[in-house]
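A short write-up of the structure that comes next.
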Ligand code: B12
């Protein structure tokens, strides 16, 4: 039996072939569900990937992706599990939602981050001891480790993700790393508390790095992060600095945008 040759289609044609609206196809590209390459400012999708995504949608027992209301309920359950240290429940919630089709970005932003913010606020207000926060963030680190995505298809390029010396918040770097992996980037995840000079050197010696991402959660690390970012930019590697108030969807868009500008 002869196989159809692979052809690359523009996103509108891919959406038409899948029978979905352009915006839906765009969301799937952003979340990594539909692999795509950005070329000359346009997304191109392989006919092979369109066929696979189409087949998975037509599978009769394919479950519906969890609704926003379900994510809110699961986030409340996640908060209880994190406060009581019920690791197995927290991991079960995360795994089940991903198995049901929730993207890692939605899992982090809709289900995991709200309880972490509430825990941080309760600690700040003196209503919760610090070990509750330590235990909760350790559970989330392991849950995200379990779910580390390794999506099929070509990588869009390579990113290095870290937080600099003095900033001990490794969890947001893990969140950025898994979100970028899900969106088809190869990621060097260097964790938190990395000396700035080491990151500058890493970028100088790793030509394959398209973009450096510095996550800043401890406000005291912000000025140093900008200084380091400017040095890396001067070496020719686009560098993004971000943290609280920024979204992972925005991060994925920005990484794609600066990598594209560098290549063109
Ligand atoms: C867990 C935690 C810790 C843990 C970290 C463990 C770990 N392995 O990461 C520990 C216990 C170490 C810790 C320590 C401290 N913490 Co703390 N911590 C938190 C907590 C609860 C969650 C942090 C987190 O994971 N945030 C991720 C999500 C929940 O937040 P988000 O802002 O939406 O993050 C998104 C973006 O960052 C994005 N992103 C990530 N990287 C990038 C990069 C780019 C370019 C872009 C665009 C986006 C992006 O992804 C995230 C998900 O969408 C927060 C509460 C909070 N509101 O965040 C406090 C919080 C950040 N901590 C705080 C404080 C004060 C501290 C301490 C100073 C406390 C102390 N006195 O010791 C120390 C500082 C240590 C240091 N030098 O860094 C304050 C920060 C205040 C400030 N403005 O700086 C917070 C906000 C708590 C509070 N309400 O007061 N903390």
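Just so you know, all these numbers are worked out from the coordinates, no wet-lab data involved. What you are looking at is a predicted structure, and each value in this text was computed from that prediction instead of being measured. When we count neighbours, we look across all protein chains shown, and the Cβ atoms used for this are built from the backbone with ideal geometry, even at glycine.
Could you check the simple spin-label distance between residue 197 and residue 44, using points 7 Å along Cα→Cβ, in nm with one decimal?
In this crude spin-label approximation the distance works out to 4.4 nm.
If you count the DSSP beta bridges with both ends in the chain, what percent of them are antiparallel, to the nearest 5?
DSSP beta bridges in the chain are roughly 30 percent antiparallel.
With the contact rule set at Cα under 8 Å and sequence spacing of 6 or more, what percent relative contact order holds for the stretch 169-264?
It rounds to 29 percent for the stretch 169-264.
Please order 185, 28 by the number of other Cβ within 10 Å, starting at the fewest.
28, 185
Pairs of Cα atoms under 8 Å, at least six residues apart: use those to get the relative contact order of the stretch 68-146, whole percent.
Relative contact order of the stretch 68-146: 40 percent.
From largest to smallest, what semi-axes in whole angstrom does the stretch 158-263 give when each is the square root of 5 times an eigenvalue of its alpha carbon gyration tensor?
Gyration-tensor ellipsoid for the stretch 158-263: 18, 16, 12 Å.
Which FRET efficiency value, to the nearest 0.05, is calculated for residue 122 and residue 146 with the Förster distance at 35 angstrom and r the Cβ-Cβ distance?
Between residue 122 and residue 146 the formula returns 0.85.
How do 175, 8 line up, fewest other C-beta atoms within 10 Å first?
8, 175
Roughly speaking, what is the stretch gain from residue 89 to residue 233, that is 0.36 nm per residue apart minus the C-alpha to C-alpha distance, in nm to one decimal?
Contour length minus Cα-Cα distance gives 47.5 nm.
Rank the residues 240, 97, 180 as a footprinting-exposure proxy: fewest other Cβ atoms within 10 Å of their Cβ go first.
Placing the least packed residue first, the sequence is 240, 97, 180.
I'd like the distance between the alpha-carbon centres of the stretch 15-47 and the stretch 231-264, rounded to an integer number of Å.
For the stretch 15-47 versus the stretch 231-264, the Cα centre distance is 21 Å.
In nm, what is the difference between 0.36 nm times the number of residues separating residue 8 and residue 65 and their Cα-Cα distance?
Length gained between residue 8 and residue 65: 17.8 nm.
How high is the relative contact order of the chain, in percent, counting Cα pairs under 8 Å that sit 6 or more residues apart?
Result for the chain is 15 percent.
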